[in-house]
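The values are calculated or read from the model by the stated rules, or taken from the named source; none is laboratory data. None of these values were measured; they are calculated from a predicted model. No Cβ is skipped: glycine too gets one built from the backbone with ideal geometry, and neighbour counts run over all protein chains shown.
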Amino acid sequence: MTFDNRCKTNYPIILIHGTGFRDRKWLNYWGRIPKILMNYGCEIYYGHQDSWATIEQNAITVKKSIEEALATSGSEKVNLIAHSKGGMEARYIISTLGLSNHIASLTTIGCPHHGSRTMDLVCKLPVMLFRPVSVFINLWFRILGDRNPDFHQVCRQFTTYFAEEFNRQNPDSESVYYQSYAAVMKNSFSDFILAAPHFVVSIIEGENDGLVTPMSAKWTNFRGVLRGSTNRGISHADEVDIRRKRLAKKVQAGRVRDICDVYVQIVEGLKQHGF
């Protein structure tokens, strides 16, 4: 049932997930977000890329999903909303795979645009330590449905030196509207799912959402750092509503009570821009 058309944009929305997950019907990566957006008139599609494939490999898959969405909807363009590494794949599609004329906008949330100094250190570990972990993860995610998992290379694609070269090769397109968001956890006890990585990243790089720092997530038209209405903050998992519930019961000025509200505001903004 449609409540109103506040999120009925001119072009459909394609949600592009991050690393470690897939688009599944019964365990949606995006929690309540798609249903709420659709209740407000939004037309939603998904990227359907692998959990642990490289940026380049996943971008090919997402490009096909975009082309299918264009054909199904009859639209000339789409709006992309991408979380985490999905933002890098979206930028690669726009700048390298030549789909800029069919992309109206790209919104990234918690995307490591500038890489991670923590991953710089991790990737200096001996190959003999990486290899057995990579073999196990690649095998496991093949069982779960990945076609081209490459854990070792994906880890390298989170480094600052990879990001620097990637950004040089994939500049923004003048025909696409870009905007970006970041979030932070209050401390390592804020989200047990990301407690360990948050602790490590905070020592090396400062405040973060459990994986990505605001400095790394900052890209064109940066909309600021999302902070929760409680002292808990907002984690990388919270950014996609992994718990399927509000972050807080009470509203606090300038803070986020429910991550779904953020997505509604994003799509309402796209509509106001004529996208």
> PHE136 is checked against (1) assigned to a helix (DSSP H, G or I); (2) touching a residue at least 12 places away in the same chain (Cβ under 8 Å) and fails just one. What number does that condition carry?
Replying inline: (2)
> Looking at the stretch 109-136, which of its residues are among the β-branched types (Val, Ile, Thr) and either surrounded by fewer than 20 Cβ atoms within 10 Å (Cβ to Cβ) or more than 25 Å from the chain's Cα centre (by Cα) (or both)?
Replying inline: VAL122, VAL127, VAL133, VAL135
> Of the residues that sit in the stretch 211-244 and are among the β-branched types (Val, Ile, Thr) and within 11 Å of SER190 (Cβ to Cβ), which one is modelled with the highest pLDDT?
Replying inline: ILE234
>> When you check TRP52 against the structure, is it in a loop (DSSP other than H, G, I, E, B) and surrounded by fewer than 20 Cβ atoms within 10 Å (Cβ to Cβ), yes or no?
In response: no
> Of all residues in the stretch 204-215, which are out of contact with any Cys (no Cβ under 8 Å at 6 or more places or on another chain) and either part of a loop (DSSP other than H, G, I, E, B) or not hydrophobic (A, V, I, L, M, F, W, C) (or both)?
Replying inline: GLU205, GLY206, GLU207, ASN208, ASP209, GLY210, LEU211, THR213, PRO214
> Of the residues in the stretch 222-275, how many are of a type in the set (A, V, I, L, M), farther than 15 Å from ILE36 by Cα and touching a residue at least 12 places away in the same chain (Cβ under 8 Å)?
Replying inline: 9
>> What's the total number of residues in the stretch 34-48 that are crowded, with 23+ Cβ neighbours inside 10 Å and either touching a residue at least 60 places away in the same chain (Cβ under 8 Å) or among the acidic types (Asp, Glu) (or both)?
In response: 2
> Of the conditions (1) out of contact with any Phe, Trp or Tyr (no Cβ under 9 Å at 6 or more places or on another chain); (2) modelled with pLDDT under 95; (3) among the small types (Gly, Ala, Ser); (4) not in a loop (DSSP other than H, G, I, E, B), GLY145 fails just one. Which one is it?
Replying inline: (4)
> Within the group ALA183, ALA217, ALA195, which residue is surrounded by fewer than 19 Cβ atoms within 10 Å (Cβ to Cβ) and of a type outside the set (Val, Ile, Thr)?
Replying inline: ALA195
> Any idea which of ILE14, ILE60, ILE36, ILE66 is outside any loop (DSSP other than H, G, I, E, B), touching a Cys at 6+ places or on another chain (Cβ under 7 Å), modelled with pLDDT of 95 or more and at negative phi?
Replying inline: ILE36
> For the stretch 74-98, what are the residues that are out of contact with any strand residue (DSSP E or B) (no Cβ under 8 Å at 6 or more places or on another chain), more than 21 Å from VAL240 (Cβ to Cβ) and at pLDDT 95 or above?
Replying inline: GLY74, SER75, GLU76, SER95, THR96, LEU97
> hydrophobic (A, V, I, L, M, F, W, C), at pLDDT below 95 and part of a loop (DSSP other than H, G, I, E, B) - does that describe any residue in the stretch 193-203?
Replying inline: no
> Got a number for residues in the stretch 93-126 being under 23 Å from ALA182 (Cβ atoms), touching a residue at least 60 places away in the same chain (Cβ under 8 Å) and not basic (Lys, Arg)?
Replying inline: 18
> Which residues, counting only those in the stretch 222-252, are under 16 Å from the mean Cα position of the chain (by Cα) and part of a loop (DSSP other than H, G, I, E, B)?
Replying inline: ILE234, SER235, HIS236, ALA237, ASP241, ILE242
>> Return the residues of the stretch 170-190 that are within 20 Å of the chain's Cα centre (by Cα) and of a type in the set (S, T, N, Q); say none if nothing qualifies.
In response: ASN170, SER173, GLN179, SER180
